[in-house]
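First comes the structure, then the notes that go with it.
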Amino acid sequence: MQNLNFVLMGSSPTGLTQIWNVQSVHTGIDLGVVKWYSSWRRYAFFPADTLFDAECLQEIVKFLDEQMLIRTLDRQLR
């Protein structure tokens, strides 16, 4: 069951990475943002003042893993 929507908001100021708003499917409330965290060289979830269960956290991890794979493949094709 999907509990979260990942809404593409656009590109970072540099244009090199994407930014997504994470929203609850059920309430539409903004839960946080997924964006590139350069110190870790990977996409990370920046939560708002929110509460998550294991199922929601698994969805976030799956989305982060997918975006890292896309980024890796994109960089290999360049």
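Pairs please, first residue from the range 42-62 and farther than 24 Å from T72 by Cα, second anywhere and charged (D, E, K, R) and assigned to a loop (DSSP other than H, G, I, E, B), Cβ atoms under 9 Å, 6+ apart in sequence or on different chains.
That search, which allows pairs on different chains as well, returns nothing.
For the range 23-41, what are the residues that are loosely packed, with under 15 Cβ neighbours inside 10 Å and either touching a Gly at 6+ places or on another chain (Cβ under 9 Å) or in a strand (DSSP E or B) (or both)?
So in the range 23-41, the residues loosely packed, with under 15 Cβ neighbours inside 10 Å come out as 24-30, 37-41.
Once the filter is applied, which keeps residues that are loosely packed, with under 15 Cβ neighbours inside 10 Å and either touching a Gly at 6+ places or on another chain (Cβ under 9 Å) or in a strand (DSSP E or B) (or both), the range 23-41 yields S24, D30, Y37.
Identify, please: which residue in the range 42-68 is among the aromatic types (F, W, Y) and outside any strand (DSSP E or B) and is, among those, modelled with the highest pLDDT?
Of everything passing the filter in the range 42-68, F63 is modelled with the highest pLDDT.
The values are calculated or read from the model by the stated rules, or taken from the named source; none is laboratory data. No experiment lies behind these values; they were computed from the predicted model shown. Virtual Cβ from ideal backbone geometry, glycine too; neighbours counted across all protein chains shown.
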